[in-house]
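Data first, discussion second: the structure below is written as structure tokens.
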Amino acid sequence: MATLRITRAVNLLHRQFSGFNLGPIQRMSHLHTTRAIGTVFRIDRPAQFVSLNNLRDNKGSRKTKKRVGRGHGSGHGKTCGRGQKGQKSRSGNSKPGPGFEGGQTPLMRVFPKRGFKNAHARDLQPLNLDKIQHWINTGRLDASKPITLKSIYDANLVKFKDG
């Protein structure tokens, strides 16, 4: 009777600590073999060492590509999972572009174009008297000499290409 109880207890331990019920011991490393001795676990040496020839991705980390249009047996044949008709079933037309209003004439096409953008316009830098006075007070400009565009440019106060 005592041996029957011991074997039942051992079987219960094996059932409890095998597979997914192993918990943190199993999560420690899948390369180590584990054995249950009573209620204490002993971790043996690694079953195999990590090297370049046995490195692999985790299971489920790389998904296989969905191959569509390969017959009814694949589950993605004929319409390839796009349904029957409509805008989403057509090729090359996934989403309408910005400004599309469902067939109604877009607002940007309702109103006419006005004016133009001058390609040869000069990019002018503003220059206030307040700034000039500030540069004189801080000593970046000499007030005893006449203030010209060249003196402002040489003092690195304004950066400009056109004027």
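The values are calculated or read from the model by the stated rules, or taken from the named source; none is laboratory data. None of the values given here were measured: they were computed from a predicted structure. Note that each Cβ is placed from the backbone with ideal geometry, even for glycine, and that neighbours are counted across all protein chains shown. Quick note on the areas: whole protein, heavy atoms, side chains included, nothing else; ligands and nucleic acids left out. Shrake-Rupley method; radii C 1.70, N 1.55, O 1.52, S 1.80 Å.
Residues in the range 81-92 that are in contact with a helix residue (DSSP H, G or I) (Cβ under 9 Å, 6 or more places away or on another chain) and surrounded by 10 or more Cβ atoms within 10 Å (Cβ to Cβ): 1 in all.
Give me the residue from the range 151-163 that is touching a helix residue (DSSP H, G or I) at 6+ places or on another chain (Cβ under 9 Å) and surrounded by 10 or more Cβ atoms within 10 Å (Cβ to Cβ) and, out of that set, farthest from His134 (Cα to Cα). Step by step, filter the range 151-163, then rank; the result is Phe160. Out of everything in the range 95-150 that is of a type in the set (D, E, K, R), assigned to a loop (DSSP other than H, G, I, E, B) and open to solvent by 90 Å² or more (accessible area, probe 1.4 Å), what residue ends up being farthest from Lys161 (Cα to Cα)? Residue satisfying both the conditions and the ranking: Lys95.
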